[in-house]
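Working notes, structure below.
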Amino acid sequence: MYRLDIASRLALLPSRRNVLAAIPSALGVALLGRPARAADERLVVVTSFPEELTTRYEAEFEKLYPGVHVQFVWKQSRDALALLSDKDQGGADVYWAPALGNFPILRDRGAFQKFSVDRAALPGRLGDQLLSDPNGLFEAYDVAGYGIVVDPAALARDGLKPPKSWSDLASPAYAGRIVMPIPAKVGFSPALYDIVLQSESWERGWALLAEIAGGAELLGSGSGPTASVKDGHAALGLTIDFFAFNALANGEKLAFIYPEKTAFLPAHIAITVGTQRFSAAKAFVDFALSSKGQKLMMEADSSRHPARPDAYAGKPAAVVDPFALPPGTFYPYDAEIGRRRPGAVSVMFDLAIAERHAETQRLWRAIHAAEARLAAAPDSAGAAAVAKARKLAGFTPISEAQAKDSAFLDRFSSRELKDGDLAARWRAEISSARAEALSLVASAEQRL
């Protein structure tokens, strides 16, 4: 577990992007940046990074390459995937974005071309976790960590210590003090929960998430967890560090915890296969990955983590260097299987937790109450019944094998369960498991 106290940083809030130039109407996209000069070579970069960051890179890159004008096409992940899958790729030269699933898909579609990097400076991995494409088709630009935003003062008032691991959050002591995002509504949360599912194993992970949710409030916005902690509505929020830092960097006395077995997941950069400006594209990529370019993301109004270890030299005190975190902080997250799981994670969270949240809360309160009574008055038969109830309470109808089966996972790529019969069967299986769990708890209570 690694904890970072957050005292005062400037907030980076995404702004509306002004359309300052346009490529031919046949492409149907807007370009962001200053109008190109007639003599400029135009370099088209597809991105979803905020304007505050992209304009910084535009200005610094064009100082080094005054004959090249960078124009940004701002696209969310799904739209970028469609654009770059087209034959002409929208005229794009570079794709640069925090879109973990897009880059392998586009690689497999032949959308990128290989480029070289200095592996001595850019390891392409964090501990045992691979960050970059091993064949050189896309490279990690930065990494973002997942964890828990905390109000230490609120916990201290209740005599509680901050959690150190994901499993700590399941403690009844934290019940009513936690907020967690709904993956079908919050883009970063499928990866957040998949870190738990990979590090704990699929079935144990779902049991843990269900138990945490039994003492938590569910939120439908990405900023919700950090806002709830900041406003005193909750003491603990599951989130991504980038959003927490940017939302909390205005003097609040909060902390961010990287729990044991968390992961840092990368944003990437790649050169399109269709670029007619490879030299300019490679120059931009090289700049973004250079020590100078990587340091730009750590300036006062930003809070990102470079993928280049030497860029942390002289870093602001508030910026965490993930390459220097203690051993055991990371789980070697498998991005290849993880990129196929957002749909299944979203569907299962809805079926097992979100749409029956009140039931989930009642069930786990009953289990925890029975366990507390058993601790005070041990009973072997009652303990066996409650142990079985606990296992049933965390039941998931998707098996560990299915959760590693690419063909099975791809059925949920739209993040919806369109098979009505399957949805009905899974709901019935979950309901049956929950009913049996409650019955077992009731039988145990009768013995106490």
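Any read-out appearing in this document is the output of simple, stated calculations on the displayed coordinates, not a laboratory observation. In this text, all values refer to a predicted model and were calculated from it rather than measured experimentally. Because the Cβ atoms are built from the backbone with ideal geometry, glycine has one as well, and the counts that use them run over all protein chains shown.
Brief remarks on what is shown
- Ranked by the mean number of other Cβ atoms within 10 Å of their residues, highest first, the peptides 117-125, 95-103, 348-356 come out as 95-103, 348-356, 117-125.
- Spacing of the two label points (7 Å from each Cα toward its C-beta) at residue 158 and residue 171, in nm: 1.1 nm
- Residue-averaged [θ]222 nm for the chain, counting only DSSP H segments that reach four residues, each worth -39500 (n - 2.57): -11500 deg cm²/dmol
- R0 of 35 Å, Cβ-Cβ distance residue 278-residue 324: FRET efficiency to nearest 0.05: 0.50
- Among 134, 179, 124 the positive-end extreme of the charge dipole of segment 114-179 (Cβ point charges): 179
- Spatial separation of Cα centroids for segment 255-300 and segment 82-157, in angstrom: 8 Å
- Here the dipole of segment 172-294 is about 440 debye; that uses its Cα centre as origin and unit charges on the Cβ of Lys and Arg (positive) and Asp and Glu (negative).
- Helix 357-376 vs. the chain, principal-axis angle (Cα, 0 to 90°, nearest 10): 50 degrees
- Size of electric dipole in segment 340-448: Cβ of Lys, Arg +1 and of Asp, Glu -1, about Cα centre, debye, nearest 20: 160 debye
- Segments 81-93, 332-344 sorted - mean Cβ within 10 Å per residue, highest first: 332-344, 81-93
- Which listed pairs, of 230/261; 75/114; 63/295; 161/230; 391/418, have C-alpha distances above 20 Å, in listed order: 230/261; 75/114; 391/418
- Principal-axis analysis of the Cα atoms of the chain puts helix 420-446 at an angle of about 40° to the longest axis.
- Span from the segment 347-373 Cα centroid across to the segment 167-210 one, whole angstrom: 13 Å
- Listed residue (110, 408, 444) projecting farthest to the positive dipole end of the chain, Cβ model: 444
- Dipole size of the chain about its Cα centre, with +1 on Lys/Arg Cβ and -1 on Asp/Glu Cβ: approximately 200 debye, rounded to the nearest 20.
- The angle between the Cα long axis of helix 342-352 and the longest principal axis of the Cα atoms of the chain comes to about 20 degrees, rounded to the nearest 10.
- Backbone geometry of segment 288-296 corresponds, through the Karplus equation with coefficients 6.51, -1.76 and 1.60 at θ = phi - 60°, to 3J(HN,Hα) couplings of 4, 9, 6, 4, 5, x, 5, 5, 4 Hz, x marking Gly and Pro.
- Peptides ranked, highest mean first, by Cβ atoms within 10 Å: ranges 390-397, 55-62: 390-397, 55-62
- Our coupling estimate for segment 107-123, obtained by passing each phi through the Karplus curve with A = 6.51, B = -1.76, C = 1.60 and θ = phi - 60°, is 4, 5, 8, x, 7, 10, 10, 5, 9, 9, 9, 8, 5, 5, 9, 10, x Hz, Gly and Pro reported as x.
- Convex hull of segment 93-242 built on C-alpha atoms - directionally averaged projected area, nm²: 10.9 nm²
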